[in-house]
Amino acid sequence: MPVGARAVPQPQAAVPFLWANPDPMHDFCYRGDKLYCEGLPVERLAKEFGTPLYVYSEHTLTEHFRRLDSSMASIEHTICFAVKSNSNLAVLKTLAALGGGFDIVSAGELQRVMAAGGEPGRCVFAGVGKSESEIELALRRGIYSFTAESEPELRRIDRIAGRLKKVAPVAVRVNPNVAAGGHRKITTGTYENKFGLAQEEIEGVYERAAKLRHLRLRGIQMHIGSQITEVAPFAKAVGKVLPLVKRLQQRHGLEFFSIGGGLGIVYDPALASGSPEWWKTAQAREILTPAKYAARLLPLLEPLRMRILMEPGRFISGNGGILVTRVQYLKRTGKKTFVIVDAAMNDLIRPAFYEAYHEIVPLRRRNGARISSDVVGPICESGDYFCRDRPLPSLGEGDYLALMSAGAYGSVMASNYNSRPLPAEVLVRGRRAAVVRRRQPTQETWRGEALAPWQS
């Protein structure tokens, strides 16, 4: 064992997270000693397209959409994919082809949806700070509905719609004041958050909005947070809001009720406690699945006879992507083993931003003792890390690693910090792969900048 390395005992029955679930969560698995995405070895992609590299499985994206869609088949519904989780055009095209709608939060996301072949008429436009130009664009393109988050916003939408001689479809976001757990930066459903309006205020807001001539009260929306892995918070929030929804439906003829997104995924194999029976454990702990979600919510929603909108992002895209990186150096101190890789917090910021967990696996499976390691990037920040004190196989310079479950809030949150170019992105279908975002040339990181006239 290398000097300075610290071995970590391994459970005898340890099973890798990859494909441990008999109801598979993604299409990344080992075949022999090689990690595959669908029908292709990931190492081949890394060598052909370079690293850091995002790799997406089209089949995983499709299956997650279809599983959720089929679970809600007994009611009229639309799945509006949250574009903020992954806005790659090829990902959006995959979901548009399945009949999906889209949950957007900016004019840029609306234009991306249209560029990917999505229909504006299947888009809901959320967000607390819509500008006048964004509202105007959305009205001209004919979106399905705005999700308004304040009365000043309703008045602004009414004013712009009047100027354009249009009637704007709107829903108001109700905040049910339900805490759903999870990281404080992704909680949205309590009165301490900036989103929506307090449930007690909503009926008055609808009464006043009904008097605005250029608004059409089309629906009502709620959303309680992100990465929720139990069914109970959803059921609690829907049950709490339902009496209000029924009153507003009768009073204003609402067409739809959006129950938001937030369906979580499994990131951490520690949930399994290293047991081959981990999925049974997960079920006992009520970790969220489409079937469990539907079983609890459909009895509440079916009597409404309204269109139900859902706005999942991470559930569809999260396990559909990985970030591939290459080991640059191993650095051992008296207390630490640092695995220095070519990906960094600018490529995947979730661990630095949210203290988020991503499983990290080698592209070539290794047996033997594990070494407590910190996987870190090259950026000049102490927060530039992907894991700390993680038991990992013995690694060497040039080895490839995959950061799993990186398909949501990965590439979309990437930046050019330290003047690092954005990574390439590849979509896999079976044994075919295509670059769906080229690696950014370094010169493009300063495109749009210029010297002041007196500097030339």
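The values are calculated or read from the model by the stated rules, or taken from the named source; none is laboratory data. If you're wondering where the values come from, they're calculated on a predicted model, not measured in any experiment. Note: ideal-geometry Cβ built from the backbone for every residue, glycine included; neighbour counts use all protein chains shown.
Can you tell me which of (1) crowded, with 21+ Cβ neighbours inside 10 Å; (2) hydrophobic (A, V, I, L, M, F, W, C); (3) within 17 Å of the chain's Cα centre (by Cα) is the one V105 doesn't meet?
(1)
If you check I157 against the conditions, is it touching a residue at least 24 places away in the same chain (Cβ under 8 Å) and either of a type in the set (S, T, Y) or within 22 Å of M310 (Cα to Cα) (or both)?
no
Taking the stretch 386-427, which residues are of a type in the set (D, E, K, R) and either under 16 Å from D342 (Cα atoms) or touching a His at 6+ places or on another chain (Cβ under 7 Å) (or both)?
E397, D399, R420, E425
Under 6 Å between Cβ atoms, at least 6 apart or on separate chains: pull out the pairs that start in the stretch 299-318 with a residue that is among the charged types (D, E, K, R) and end on any residue that is surrounded by fewer than 24 Cβ atoms within 10 Å (Cβ to Cβ) and at pLDDT below 95.
R314/I265
Mind checking whether some residue in the stretch 368-381 is touching a residue at least 12 places away in the same chain (Cβ under 8 Å), in a helix (DSSP H, G or I) and polar (S, T, N, Q)?
No, there is no match, as no residue in the stretch 368-381 is touching a residue at least 12 places away in the same chain (Cβ under 8 Å), in a helix (DSSP H, G or I) and polar (S, T, N, Q).
Basic (K, R) and free of Cβ contacts under 8 Å to residues at least 40 places away in the same chain: is that true of R44 in this structure?
yes
Could you please find all residues in the stretch 362-378 being surrounded by fewer than 16 Cβ atoms within 10 Å (Cβ to Cβ) and over 29 Å from the mean Cα position of the chain (by Cα)?
Once the filter is applied, which keeps residues that are surrounded by fewer than 16 Cβ atoms within 10 Å (Cβ to Cβ) and over 29 Å from the mean Cα position of the chain (by Cα), the stretch 362-378 yields R366, N367, G368, A369.
Take the residues of the stretch 437-456 that are assigned to a helix (DSSP H, G or I) and exposed (fewer than 10 other Cβ atoms within 10 Å of the Cβ): which is farthest from the chain's Cα centre (by Cα)?
W454
If I filter the stretch 233-272 down to residues being surrounded by 18 or more Cβ atoms within 10 Å (Cβ to Cβ) and polar (S, T, N, Q), which single residue comes out as farthest from Y357 (Cα to Cα)?
Top of the filtered list is Q249.
I'd like the full set of residues that are in contact with a strand residue (DSSP E or B) (Cβ under 6 Å, 6 or more places away or on another chain) and free of Cβ contacts under 8 Å to residues at least 24 places away in the same chain, limited to the stretch 122-154.
Within the stretch 122-154, F125 is the sole residue that qualifies.
Please give the strands (runs of 3 or more DSSP E) falling wholly within the stretch 53-170 in which 3 or more residues are closer than 30 Å to E43 by Cβ.
Where strands (runs of 3 or more DSSP E) fall fully within the stretch 53-170 and carry at least 3 residues being closer than 30 Å to E43 by Cβ, they are 53-57.
I'd like to verify a number: residues in the stretch 209-231 that are β-branched (V, I, T), at pLDDT below 95 and under 16 Å from T147 (Cβ atoms), how many?
1
Does any residue in the stretch 61-77 that is assigned by TED's automatic domain parsing to the domain that holds A294 and surrounded by fewer than 20 Cβ atoms within 10 Å (Cβ to Cβ) come within less than 6 Å, Cβ to Cβ, of a residue that is in a helix (DSSP H, G or I) and not hydrophobic (A, V, I, L, M, F, W, C) six or more places away or on a different chain, and which pairs are these?
Matching pairs, first to second residue: R67/P290; S71/P290; I75/E302.
Just checking, how many residues over the stretch 416-435 are in contact with a Phe, Trp or Tyr (Cβ under 8 Å, 6 or more places away or on another chain) and either part of a helix (DSSP H, G or I) or outside the structural domain of A344 (by TED's automatic domain parsing) (or both)?
1
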